[in-house]
Amino acid sequence: MSTLTEQDETLAMLRDSLARYLDDNHGFEQRLYALRKADDAPPPFWQGLASELDLLGAALPESQGGLGGGMAAHLAMMETLGGALAAEPYLSTMVIGAGLLQRHPGAQADALLKRIVAGQAVLAFAHGEPQSRHDRADVQTELARDGGGFRLNGRKAVVHAAPWASHFIMSARSGAGLSLLVVPRETAGVRLRAYPTRDGGRAADIAFGDVRLPAEALLGAEGSALPQIERALDEATLAVCAESIGIMRRLMRDTLDYVRQRKQFGVPISSFQVLRHRLADMHMALERAAALTASVGEHVDTADHDERARAVSSAKVAAAKACKAVGQGAVQLHGGMGMTEELAVGHCVRRATLIEGQFGPPAWHLRRVAKLRPAAT
Amino acid sequence: MSTLTEQDETLAMLRDSLARYLDDNHGFEQRLYALRKADDAPPPFWQGLASELDLLGAALPESQGGLGGGMAAHLAMMETLGGALAAEPYLSTMVIGAGLLQRHPGAQADALLKRIVAGQAVLAFAHGEPQSRHDRADVQTELARDGGGFRLNGRKAVVHAAPWASHFIMSARSGAGLSLLVVPRETAGVRLRAYPTRDGGRAADIAFGDVRLPAEALLGAEGSALPQIERALDEATLAVCAESIGIMRRLMRDTLDYVRQRKQFGVPISSFQVLRHRLADMHMALERAAALTASVGEHVDTADHDERARAVSSAKVAAAKACKAVGQGAVQLHGGMGMTEELAVGHCVRRATLIEGQFGPPAWHLRRVAKLRPAAT
Amino acid sequence: MAWALTAAETALRDEVRDFLARELTPELRAAGRRCSGIFTDYEYGNRWHRVLAKRGWSVPNWPVEHGGTGWTAMQHYLFAAELAAADAPPRAPMGPGMVAPVIIAFGTEAQKRAWLPGIRSGEDYWCQGYSEPQSGSDLASLQCKAVRDGDHYVINGTKIWTTHAQYANRMFCLVRTTSGGKPQQGISFLCFDIPAPGITIRPIISISGDHELNQVFFDDVRVPADGLIGEENQGWAIAKYLLQHERGGAWAPMLRARLRRLTAAADAAFSASGGDAHEADDMALRLAEAECAIDALEATELQSLRAQARGEQPGIRPSMGKVLGSELRQRLTELGVEIAAHYAAVDLPLDDGLQGELPIPEDAVFSMSAYLNDRAASIYAGSNEVQRNIVAAHLLAN
Amino acid sequence: MAWALTAAETALRDEVRDFLARELTPELRAAGRRCSGIFTDYEYGNRWHRVLAKRGWSVPNWPVEHGGTGWTAMQHYLFAAELAAADAPPRAPMGPGMVAPVIIAFGTEAQKRAWLPGIRSGEDYWCQGYSEPQSGSDLASLQCKAVRDGDHYVINGTKIWTTHAQYANRMFCLVRTTSGGKPQQGISFLCFDIPAPGITIRPIISISGDHELNQVFFDDVRVPADGLIGEENQGWAIAKYLLQHERGGAWAPMLRARLRRLTAAADAAFSASGGDAHEADDMALRLAEAECAIDALEATELQSLRAQARGEQPGIRPSMGKVLGSELRQRLTELGVEIAAHYAAVDLPLDDGLQGELPIPEDAVFSMSAYLNDRAASIYAGSNEVQRNIVAAHLLAN
């Protein structure tokens, strides 16, 4: 128990320093301004996280220049970033990208990790395809041997942070199965269709047309990537659960403030019992999701595949349901003001709504839980 | 339109005279007393419906001694009976039993119909089996040729009104498919396990052990019964929708009365906004179900199989959801008093809860609607 | 639900279908399909309104003497259903459905002559000034002032959530003409032309990124006094009359059209997907649930139309319809986002630019716009909380 | 969720499992399985309590000096989970979980000596007199009177919803000892033996057909004054203390046990059914939804246990737990009825008589009893409306 407390304190310090930095550098207007200009590179606060705070490596093992915080550190970072609506590209670069790299040590991966922690490299995970929805094995992008290296053909869909990325970690299929490859953005034959996303970030669909890569681009053994992809996506799923907790806490705070001061019929609208009960339901949904996300976070680093999959999916269901309850409730209780770009509530709700479906909506995760059910005894 | 108005008036008269009769002969205490003693025969009001009111044949064609009211008359009867919690055995005898008999005219059926309308015969529909759930084609009871007649073996489950019935109309399977047979209750080899049902009625599981029947027992051609069964069950399904409307109107009335007079914290509990909104939601659920049931009732007599199936399932979904909303709401708003045998609300809720699942719960009907969806254009 | 129609109904339906096949251009259909808000932008909505006007169908619900059709309730319903099914652009109701019934019921002959023809033809485009920043659900507390000055009123104050004020050439407003007393007293219903000196329109961008709404500021704006409808200080009764009209109408035809598109989008998405069949099956169940809910709502709407044809008062029917319709509409948008899956994140304009070398599915981009826009459906036109209050008060009073 | 346990936790779990394998007889397990209410009938519940008492586990949450175990929060949770998983009969909380904490916190040493051992051993069986016909959620308005007369109080009035009054030999009551002033003042907390002259117990049969509840009438009932806990007229604080204890505790272990039985019932029902796989698939999704909801509730309960171990005040945690736990429990009973399908209609006693030549599935008959009984879960122990009021008041105050 004493280790846990020590870790709790470390995490609390992590949250505090990140929150202070975000307060100073990532206010509502600052964020909007920075994101509006962020077509080709992440907003400047990203570089600040690395160079001023030195926090990007919080989760990485100490052997790789990190603080050794593991998933618990990722969750603390994501929740705090979520409260400031500043999640990207921590998810793609650190949770997914650095997670995959650190589990495939080697000269290339180690060098890239160093650049990542220094804020010099940004990763995007080019995995999903137009047809694949949430199916993690549905990859049609083709990988072929080509001399000493590889040739790639295919298309990836809605690759978050791709317009900001220096490198993609991408999946492709050959006869051996699924493989992961590191592809520098400027590789010939890689074409992006970049666009904004509803949460203020950027993403792209990417065409790979006869892209040639050296043998070293391969991460791990050819055909062995599916378990790695599943783990990375489960960690990413739990990370957005944590992000959503941060967003929802902000939504609750803003909504409580609003209903306390907003008057209709001569009384604060917080005096209406129906609105009070709705607030109670929003709060309970949030607390359930927060407790379960934290609980799963404590165990996920050491869990086996089925245990991890079941637990992460359960947490995602709780978080998604809470996002819906809190997000929709926050807009409704704000009335017309909740429908405008002018208050943070609308921005929070857009991100929360994307999280509901990101890495699979509740129905998909429930089906996953149902399939993982042990036979009744 | 003028015919409809004329029919509306006839139905209004039907409702009125039945409601008056029920008021006089089927009050809360009277009903309880009569049902408690009704182990072997339907409560006395059943005979009264036939002999005093002459209303049992309201739906039957005039050629068969009825008033020619069709499904609309069934729905008016069922809704009115529902309001008095007096549904059985109208459903099994008139809606299902007489419906099947009238579509298989012949000397035997006509004679039985006469006795039914006179209140001298009561029918039960012995179709579902322990394993069959809501699947209307899942019949394992075996039908075999036996000399000039038939031999039956099998088991039927939860046959409503069976302990009150003079005859069963039962389904059985032979190589030719499903058939329907009329089986007098006292036939050798028929054994009942009778029990009360949660709505105060009676039902039985029935074992058929080498039961021998004459050739005339067959209703229609051997192997041709499935469409007949489906139609009878669709009509029965719509009939319990109407019954539920009557029950829910009573629940709303009782609940509104209760919340108006019940005080807590020095005020009538009807002043609490959360309870008011719950009442509004209950009312809206009920009105949706009532409107759809009536609308389907106007068309179901002439609809084809798919149109009928889709419409009836849709109405059942609306009715079941309303039963849940109104039933659970009525208990909650009555507080502890809603949990006792002492008020009608509990008795209404028990019947409404059974109707939710009778002939298939919402999920089953939704799946049926989904299967009947025309290909997207 | 598709039941047998009478001969007259079938005839009308065929006539409407022929008309749509001829007059509803692909461009207008695309505009209708891409309308993720309550109604289409001025350009396409008004263009379509003018096409309907030429056929005599722009204001079917009006009395025949002002250009209505005199149809039966069922015929109105069929007309709405056919238009929705063909992706006709939803038209702004501020003129034909909101101020026009008020003009017809409370206006002078001169006002009717002055305003109704322009609404019917599409020449005029109206916007509504009801809500104020401090007066949302509690409309009676409104503060925007109009002071009589000879033949004019001088308006000072502000109105908010003014849809399409940027396109409108006329405006109807609730203004306070007397202070003190009960807040419902001292309110007047005033119509005037815009723009006018002293009026400033501030765009309000919604969370879907659309510009439908505005805040309108009045700074000593002089408008002719003959724009007053009814008596001065007697505007509250008119306001309530309008609200009931605003809440009425049929939701089911539009919902059924939306459901059809969702179903097609789901079929396309799941047939492309190589994954297991469970996701498609699970979605099919929820689409069926929405379909059944639309059936039930449609049945209540047809019941209301019949009651209306019998001359019954609408009572709480508009409130129930608003709650059920808006929440079902919101539900459909949730399903749309789920069908869109990863593509729901894309924030691009809904136009032909979504195609190209790496095409983005239009339905997916639409889905999130519709989801975000429709969060307002339970807020505007009297929040659903207020509607439930109305329903409950009626139940407990009877 | 099944996570790795510490060595101490594993040891306790194994010890409990061994104990259950030895001591929890098939008859007791059947009684536990057939308990469709909140807790088992006296016969089995008390018998099981006495078995636990012999092992020192009948009152694990009590302070060690009175017979508690001194376990960690996690160990308490594991113990509850193992008992629930083994279908141990749920025991009545009126003694161990309701009056005992009050006696420990507010009682004199003499009262502790007099009452705690009998509760621990199972010799005594308590019932609770809180609600009255006119005082449900508004408990402070209670009217049942106790007038001091020498060494006695004389009680007149009535209490309702008195669970298991027909089995109890002791009762604790809230009584009004002073009228006038704020309703919360003048209430006292009184314990006494029953039956006693002047007490009449009227059974209340619930909609599930069970006799758990009673109304108790007091007609000049004389009880010793040394049954007063705390000061006269100071009972309200004690009442609230008890309510918080009543609402606390873990729902998840029981819910998980219920879910396991539902899953087994569904497997049996759908494997026998020759129908299509869709119904089984659709139910599997809803069972998974319940499972995930239990995961989330369990996480909040473990969080509460840890906070309690750190000495934090429970705050609104018991209110949240009561709302979430009771509504999830009600949800499970809905699924149970649906799994039971046609057999849900059967109204027969839950005993071995369900077997025989034409057997009726016990789970199906149980399902409807549980559904009907559990409608009360959102009413008793402070209605869920009251609990949501408490949560909202806390949120808005902070």
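In µm²/s, what is D for the range D:1-60 at 4 °C and 1.567 mPa s, where D = kT/(6 pi eta Rh) by Stokes-Einstein and Rh is the Kirkwood radius from Cα pairs?
Working: Rh = 13.0 Å.
Taking Rh from Cα pairs, D becomes 100 µm²/s.
Quick check: the distance between the Cα centres of the range D:43-64 and the range D:314-367, to the nearest angstrom?
26 Å
For the range D:325-366, what are the per-bin percents of Cα-Cα distances with bins 10 Å wide, up to the bin holding the maximum?
Final binned percentages: 29, 46, 21, 4.
List, shortest first and in nm to one decimal, how far the label point of C:P133 (7 Å from Cα along Cα→Cβ) is from its counterparts in the other copies.
Result, one decimal in nm: 5.7.
Excluding residues on the same chain fewer than 8 positions from C:K112, give the lysines whose Cα lies under 24 Å from its Cα.
Cα-Cα hits under 24 Å: C:K54, C:K240.
Does anyone have the angle between helix D:7-23 and the longest principal axis of chain D? Alpha-carbon axes, 0 to 90°, nearest 10?
90 degrees
Per DSSP H run of n ≥ 4, the term is -39500 (n - 2.57); total these for chain C, divide by its residue number, and report the mean residue ellipticity at 222 nm rounded to 500 deg cm²/dmol. The partial results should precede the final answer.
Values: 12 runs with 189 residues, N = 398.
That calculation yields -15500 deg cm²/dmol at 222 nm.
Under 14 Å from the Cβ of C:H152, count the other residues' Cβ atoms, weight Lys and Arg +1, Asp and Glu -1, and hand me the total. Spell out each step's value before the answer.
Working: positive: C:K145, C:R148, C:R222; negative: C:D149, C:D151, C:D193, C:D220, C:D226, C:E232.
Local charge sum for C:H152: -3.
Restrict the search to the range A:20-94; then list the trypsin sites (Lys or Arg not before Pro) that DSSP places in a loop and that have at most 11 other Cβ atoms within 10 Å of their Cβ. Mind dumping the intermediate values first?
Values: sites: A:R20, A:R31, A:R36, A:K37; in loops: A:K37.
In loop regions of the range A:20-94 (DSSP not H, G, I, E or B), the sparsely surrounded trypsin sites (Lys or Arg not before Pro) are A:K37.
Could I get the Rg over Rh figure for the range A:4-121? Both from C-alpha atoms, Rh via Kirkwood, rounded to two places. Please report the intermediate quantities before stating the final value.
Values: Rg = 14.0 Å, Rh = 14.5 Å.
In the range A:4-121, Rg relative to Rh is 0.97.
Sort B:K316, B:K321, C:K240 so the one with the fewest other Cβ atoms within 10 Å of its own Cβ comes first. Could you put the intermediate results ahead of the total?
Numbers: B:K316 33, B:K321 19, C:K240 13.
Listing B:K316, B:K321, C:K240 from fewest to most nearby Cβ atoms yields C:K240, B:K321, B:K316.
Enter the angle in degrees (range 0 to 90, nearest 10) between the Cα long axis of helix A:344-357 and the first principal axis of the Cα atoms of chain A, meaning the one along which they spread out most.
Taking the Cα atoms of chain A, the angle to A:344-357 is about 50 degrees.
No solvent, one uniform scatterer per C-alpha: report log10 I(q)/I(0) for the range A:140-240 via the Debye equation at q = 0.13, 0.14 1/Å, two decimals.
Reported log10 I(q)/I(0), two decimals: -0.46, -0.54.
Please report which chain D residue places its beta carbon nearest the axis carrying chain D onto chain C, with the distance rounded to a whole angstrom.
Its Cβ sits closest to the axis: D:D281, 3.
Taking a point 7 Å out from Cα toward Cβ as the label site, list the nm distances between C:G209 and the same residue in every other copy, smallest first.
Reported distances to equivalent positions: 6.2 nm.
For B:K156, which lysines qualify as cross-link partners when the Cα separation must be under 18 Å and same-chain residues fewer than eight apart are set aside?
none
Once you place label points 7 Å from the Cα toward the Cβ at A:D23 and D:E231, how far apart are they in nm?
4.5 nm
Average the reciprocal distances over every distinct pair of alpha-carbons in the range B:178-296, invert the result, and give the Kirkwood radius in Å. Kindly include the intermediate steps, with their values, before the conclusion.
Values: mean 1/r = 0.0527 Å⁻¹.
Result for the range B:178-296 stands at 19.0 Å.
Reachable lysines from B:K263, Cα under 18 Å, same-chain residues fewer than 8 places away excluded?
Correct list for B:K263: D:K159, D:K182.
Within a 10 angstrom radius of the beta carbon, how do C:F79, B:F28, C:F189 rank from fewest other beta carbons to most?
Details: C:F79 21, B:F28 13, C:F189 27.
Ordered from fewest to most neighbouring Cβ atoms within 10 Å, C:F79, B:F28, C:F189 come out as B:F28, C:F79, C:F189.
If each DSSP helix of 4+ residues adds -39,500 (n - 2.57) and the sum is divided by the residues in chain B, what number results at 222 nm, nearest 500 deg cm²/dmol?
Working: 11 runs with 187 residues, N = 377.
It lands at -16500 deg cm²/dmol.
Just going by the charge dipole of the range A:256-325, with Lys and Arg at +1 and Asp and Glu at -1 on Cβ, which of A:V300, A:A289, A:G266 is farthest out on the positive end?
A:G266
Based on the Kirkwood radius over alpha-carbon pairs, what is the Stokes-Einstein translational diffusion coefficient of the range D:274-398 at 4 °C with 1.567 mPa s viscosity, in µm²/s?
Numbers: Rh = 17.1 Å.
D, rounded to a whole number, is 76 µm²/s.
Could you please rank B:D301, B:D199, placing first whichever residue has the fewest other Cβ atoms within 10 Å of its Cβ?
On the way: B:D301 13, B:D199 24.
Placing the least packed residue first, the sequence is B:D301, B:D199.
Compute the longest continuous run of chain D that contains no exposed GluC sites (Glu not before Pro); treat a site as exposed when its DSSP state is not H, G, I, E or B and it has at most 11 other Cβ atoms within 10 Å. Kindly include the intermediate steps, with their values, before the conclusion.
Working: sites that count: D:E312, D:E357.
Longest run free of exposed loop sites: D:1-311.
Need the C-alpha centroid separation for the range A:219-240 versus the range D:107-174, integer Å.
With the range A:219-240 and the range D:107-174 each reduced to a Cα centre, they are spaced 61 Å.
Can you say what percent of the DSSP beta bridges in the protein assembly as shown, counting only those with both residues inside, are antiparallel? Round to 5. If you can, show how the numbers build up before the last one.
Values: 126 of 150 bridges.
Bridges in the protein assembly as shown are about 85 percent antiparallel.
Roughly how many whole Å is it from the C-alpha centroid of the range A:181-218 to that of the range A:77-146?
What the calculation gives is 12 Å, centre to centre.
Output the Kirkwood hydrodynamic radius of chain D, Cα pairs only, in Å rounded to one decimal.
Values: mean 1/r = 0.0446 Å⁻¹.
Mean inverse Cα-Cα distance, inverted, gives 22.4 Å.
Compute, for the range C:52-180, the length of the dipole vector about the Cα centre, with Cβ point charges of +1 (Lys, Arg) and -1 (Asp, Glu) only. Units Debye, rounded to 20. The partial results should precede the final answer.
Numbers: 11 positive and 10 negative charges, 24 e Å.
With only Lys, Arg, Asp and Glu charged at Cβ, the dipole is about 120 debye.
More than 28 angstrom separation, counting every C-alpha pair in the range B:226-371; what % is that?
The proportion of pairs with Cα distances above 28 Å equals 25 percent.
Measuring label to label, 7 Å along Cα→Cβ, what does D:R148 give against each other copy in nm, shortest first?
Shortest to longest, the spacings are 7.4 nm.
Which value, in Å to one decimal place, does the Kirkwood hydrodynamic radius take for chain A when every pair of different Cα atoms is included? Display every interim value, and only then the final one.
Numbers: mean 1/r = 0.0468 Å⁻¹.
For chain A, inverting the mean 1/r across all distinct Cα pairs yields 21.4 Å.
Quote the Stokes-Einstein diffusion coefficient, in whole µm² s⁻¹, for the protein assembly as shown, based on the Kirkwood radius over alpha carbon pairs, a temperature of 37 °C and a viscosity of 0.692 mPa s. Numbers along the way, then the final one.
Details: Rh = 35.7 Å.
It comes out at roughly 92 µm²/s.
Report the antiparallel proportion of the DSSP beta bridges in chain D as a percent, rounded to a multiple of 5.
85 percent
Find, among the residues of chain B, the one whose Cβ sits nearest the axis of the rotation taking B to A; state the distance in whole Å.
Per the B/A rotation axis, the closest residue of B reads B:Q273, 2.
Bear in mind that the values in this text are calculations on the coordinates, not laboratory data. Since the model is a prediction, treat every value here as computed from it, not as a measurement. Cβ coordinates were reconstructed from backbone atoms using ideal geometry, including for glycine residues, and neighbour counts include every protein chain displayed.
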